[in-house]
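A short write-up of the structure that comes next.
The values are calculated or read from the model by the stated rules, or taken from the named source; none is laboratory data. Bear in mind the structure is a predicted one, so any value in this text is a computation, not a measurement. We place every Cβ from the backbone using ideal geometry, glycine too, and count neighbours over all the protein chains shown.
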Amino acid sequence: MNDSVELLVYLYNNHKRELFQKRDRFGGTPLHIACQYASSGFIMKMVNIFGYKVLLEADYSGRSSLHYLCKGLVDKYCITEVYNKLTAPCDIPLLMQIPTFNVYYKEYWHKYISLNINFTKQHKRVSLLSTLLKKTSIINNFNINSITATGQSLVHLACTSGSVLLVKVLEEYGINTSSLDYEGRSAVHYAALSGSPTLLSYTVSKYSLIASQPDYKGIVPLALACMSGSINAVEFIMNTSDIDINITCNKGRTPLQYSCWHGNVDLSQYLIEVQDSDINITDNGKWNALDHSAKSGNMKLVQYLINNHQLRLTSFILLQAVRSTKLSLIKLLVNKYKLDPQVKASDGMQTVHFAAEVGAIDALEYLVKDCGCDLDRVGGIGNMNVFHHSMLNGHFSCTKYIINNYPQYTSLLHSTDDNDALPIHDACASGVSQLVTFLIDVIKCDTTTEDKNGFTCVTHACASGNLDLLKLLIKQYNLNPRIFRSSSSPEAAVAFGNVHMLEWLRQEYHINVASFKNGVLPFAAVHFNRLYCLKHLLNNYSFDINATDPRNDTQSTLLHIACQEGHVAIVLYLTSLPQCDVLAKTSNGSTVLHLSCKSRSLPILKHLVEEHQLDLTIKDYNGIAPVHV
C-alpha cells in the first residue's frame, strides 16, 4: 500500500471525490484498504478532506475503517503464496489464502499462512488507532461495540493482531471484552488464532475467559492455535487448561488435523511427538491427518507423515494434492508413490476437475499432457464439466487457457449439468465480471435460460454479492431482474446475506420489503443463517416476529426454523426480543425444544431450558417429548 500523500493530492485534484468513494466488489473503499495497511499519511489526509465521520462508513460486510485498522488478518484471493506474502501488511501475523473468488466457498477452502511481524510498524498501528479513536469517539453515532456482518467486534479483530497494546487502546473506551461473535467465538479464540501466547494469557486472565471454551461448531481455541502454527500458543493452552489433545469439533476434526490442514510442519510434528496426538483418528468425512496435509500442499509435511508414521497412501490424497495447487506435490505422488491420476472421488470428481476448481493451470496441463487425463468428463454435484468447475470459482485465466489450448472442448461451454445450469450461470455466481462479459461478448453464451431451481444469470449474480455485476446484467445486457419469479432476486440476495443488493433492488424496483411474497424474506434469512440480514430486515421494516412461514403450512415461526437448523446466534437474537413467543407450536405441536433436539444443538437446548425455563417433558400432538426426538 503506497503511503504517498503527494500522489493522493494529485489524484484528488484531478479526479475529485468520485475516485475515493468508489467501492470494490466487497464494498471496500480506498480508505478501508489504507486502514488495513495502517497507511497513516494517506489516512490522515483522507480524514482532513472528508472528516473523521468517514471512518465510520462500512463496507458491505459491516466493517468500518476502524475494523480494518484493528484486524490482524488479511484475505488474499487466488494469487501465489509468495506474492501474497510480499503484498500483505508487514505488521500482521496471518494471511488467509483463498483459491476461489466465490465467497460461498471461502470458509471451506481457505488456508492460514503465518507471517513475520514488523513490531515497529505494529506499534505505529497502535498509535494510529489511538489517535483516530480520540476523534471518532466524540461523533454522535460512534459505537465502540459496533460489529460486522459476522458479529466480530473491534476487540475480536484486534486480538487477531496478537498485540496486547492494540487491545488496551480499545479498553480505554469501555469496549465489551466478553462478547461472542455469531459463531460463538470470544476474544480468546481470536487471540489463539493470532498465535500469540502473550495475548492469550492476557485475555484469559484480564477478561476471565476460558481457554478451552468451544464455539458453536465445537471448535476450541486449541484448534485455532493449531491453525496459526504457533507451538508457543499451543503449549500455553495445554499448560493452563484441562483439555484433551485429541478433542474434536462438530466435524470430528482434531487439533492435529487442523494443523495439518494449514500445512504447519513443525507444529504437527510437535503435536505427534511431544503431545502424543493420535495420528490415526479420522474426522466425520473419513479424512485423516495425511489427507488434510495433502490439501495444504506442504510436501515436507506429507513426506514426514508417510515416512515416519506409515499412514496409508490412497488415491484420494492425490485429489487433495491437486486442490492444493502444488504441482511438485502432485508429481511426487504420481511419480514416486504411483498414485493413479485417473482416480475418481465418490461423487465422480476427477483430478482435472479439482485443478479447474482451483485454477491451477500448470497442474491441469500436467494431468492432461503427461498423465493422459480427459477434459470431457463430468463429475461432482450435478455432474458438472470442467468449465462449470472453473467458472464457479471465477477462474478467468484457467477458462481461457482451456479454450485456447483445447478448442475441441469448447462445446462444453454450452452444456448443462444435471441441474440444467450452464457454465455462465456458475460464472455469474462467482461474481467475476470480466469472466461474465467475456462469455457474453466473445463466446456468445446464452443468458436467458434458467436452471431447475429457477435461477438465471441475474439470480446467480445476486448470490455472488457483486452489485456492479448485477447492475451490468440488468442495465447493459437488459436481462430480466427476476423480482417476482419463483426464485426471485430479492430472495437470492437475502439467502446469501447481501443486504446491499437487496436495498438496490428495493430502490430500483420500488419493492415493498415487508409484504414481498407474503413476508418471506426474514424466513429466507433465518433458513440460510444470515443474522446480519435478519437484523436489517427486522430493524428497518414492519415484520411480525411471530408470523409463520408463508412457504408452507407447518406454522413454523422464525424461532422454530432457527432451532431446527441449529443456528445458535439467531436463536439468541430472537429470544432476546421481548415480543418473541418462545412457547409457540408448529402444526404438529412441536415446540422449540423438539426442534432443538432434532438439530442436536446443545447450546440452543441449554439456552432455552436454563434462560427461558422451558419444559423438556412437554409432548407434541403425537405424544412425543423432546428427549425422544
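Considering 120, 131, 150, which residue is more than 30 Å from residue 361 (Cα to Cα) and touching a Phe, Trp or Tyr at 6+ places or on another chain (Cβ under 6 Å)?
150
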Kindly list the number of the only condition in (1) out of contact with any helix residue (DSSP H, G or I) (no Cβ under 9 Å at 6 or more places or on another chain); (2) in contact (Cβ under 8 Å) with a residue 24 or more places away in the chain that fails for residue 438.
(1)
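Quick check on my filter: what residues within the stretch 271-282 are outside any helix (DSSP H, G or I) and in contact with a helix residue (DSSP H, G or I) (Cβ under 6 Å, 6 or more places away or on another chain)?
Initial filter on the stretch 271-282 (outside any helix (DSSP H, G or I)): 274-282.
Answer for the stretch 271-282, where residues must be outside any helix (DSSP H, G or I) and in contact with a helix residue (DSSP H, G or I) (Cβ under 6 Å, 6 or more places away or on another chain): 277, 279.
What number of residues within the stretch 40-57 satisfy the criterion of being assigned to a loop (DSSP other than H, G, I, E, B) and in contact with a Ser or Thr (Cβ under 7 Å, 6 or more places away or on another chain)?
So the count comes out to 1.
To keep it simple, each residue is scored yes or no on (1) assigned by TED's automatic domain parsing to the domain that holds residue 583; (2) assigned to a helix (DSSP H, G or I); (3) surrounded by fewer than 19 Cβ atoms within 10 Å (Cβ to Cβ); (4) within 26 Å of the chain's Cα centre (by Cα).
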site	(1), (2), (3), (4)
487	no, no, yes, yes
526	yes, yes, no, yes
538	yes, yes, yes, yes
544	yes, no, yes, no
547	yes, no, yes, no
When both residues are 6+ apart or on different chains and their Cβ atoms are under 9 Å apart, which pairs have a first residue that lies in the stretch 550-572 and is in the same structural domain as residue 528 (by TED's automatic domain parsing), and a second that is crowded, with 23+ Cβ neighbours inside 10 Å and among the charged types (D, E, K, R)?
570/530
Number of the condition not met by residue 253 [criteria: (1) over 30 Å from residue 199 (Cα atoms); (2) in a loop (DSSP other than H, G, I, E, B); (3) basic (Lys, Arg)]
(1)
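Restricting to the stretch 322-350, name every residue that is hydroxyl-bearing (Ser, Thr, Tyr) and under 19 Å from residue 417 (Cβ atoms).
Step one: filter the stretch 322-350 for residues hydroxyl-bearing (Ser, Thr, Tyr), giving 324-325, 328, 337, 346.
Correct list: 346 only.
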Within the stretch 165-187, which residues are assigned to a helix (DSSP H, G or I) and either in contact with a strand residue (DSSP E or B) (Cβ under 6 Å, 6 or more places away or on another chain) or β-branched (Val, Ile, Thr) (or both)?
167, 169
Is there a residue in the stretch 508-523 that is among the acidic types (Asp, Glu), surrounded by fewer than 24 Cβ atoms within 10 Å (Cβ to Cβ), in a loop (DSSP other than H, G, I, E, B) and free of Cβ contacts under 8 Å to residues at least 60 places away in the same chain?
no
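From the list 211, 225, which one is farther than 28 Å from residue 303 by Cβ and not β-branched (Val, Ile, Thr)? Before you say what the answer is, go through the steps one by one.
Values: 225 fails: farther than 28 Å from residue 303 by Cβ.
Only one candidate passes the filter, namely 211.
For the stretch 176-187, how many residues are among the aliphatic types (A, V, I, L, M) and surrounded by fewer than 24 Cβ atoms within 10 Å (Cβ to Cβ)? So that I can check it myself, show each step before the final result.
Within the stretch 176-187, the first condition is being among the aliphatic types (A, V, I, L, M), and the residues that meet it are 180, 187.
Next, from what is left, pick out any that are surrounded by fewer than 24 Cβ atoms within 10 Å (Cβ to Cβ): 180.
Residues that pass the stated criteria total 1.
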Since residue 290 meets every condition but one in (1) closer than 28 Å to residue 395 by Cα; (2) in contact (Cβ under 8 Å) with a residue 40 or more places away in the chain, which condition does it not meet?
(2)
Can you tell me which residues in the stretch 27-57 are hydrophobic (A, V, I, L, M, F, W, C), in contact (Cβ under 8 Å) with a residue 40 or more places away in the chain and more than 17 Å from residue 158 (Cα to Cα)?
42, 43, 47
So, in the stretch 241-250, how many residues would count as being at pLDDT 95 or above and within 21 Å of residue 197 (Cβ to Cβ)?
4
Residues of the stretch 592-629 satisfying the condition of being closer than 21 Å to residue 250 by Cα and of a type in the set (S, T, N, Q):
596, 599, 601
Just for the stretch 262-285: of the residues that are surrounded by 22 or more Cβ atoms within 10 Å (Cβ to Cβ) and hydrophobic (A, V, I, L, M, F, W, C), which one is nearest to residue 108 (Cα to Cα)?
267
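If you check 345, 356, 360, which single one turns out to be touching a His at 6+ places or on another chain (Cβ under 7 Å) and of a type in the set (A, V, I, L, M)?
Numbers: 345 fails: touching a His at 6+ places or on another chain (Cβ under 7 Å); 360 fails: touching a His at 6+ places or on another chain (Cβ under 7 Å).
Selected residue: 356, the only one of 345, 356, 360 that is touching a His at 6+ places or on another chain (Cβ under 7 Å) and of a type in the set (A, V, I, L, M).
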Here are 445, 462: which of them is in contact with a helix residue (DSSP H, G or I) (Cβ under 8 Å, 6 or more places away or on another chain), touching a residue at least 12 places away in the same chain (Cβ under 8 Å) and not in a helix (DSSP H, G or I)?
445
Residue 348 under 21 Å from residue 372 (Cβ atoms) and in contact (Cβ under 8 Å) with a residue 24 or more places away in the chain
yes
Please enumerate the residues belonging to the stretch 398-439 that are part of a loop (DSSP other than H, G, I, E, B) and closer than 17 Å to residue 361 by Cβ.
406, 432
Quickly run through the stretch 23-39 and pick out the residues that are among the polar types (S, T, N, Q) and either part of a helix (DSSP H, G or I) or touching a His at 6+ places or on another chain (Cβ under 8 Å) (or both).
36
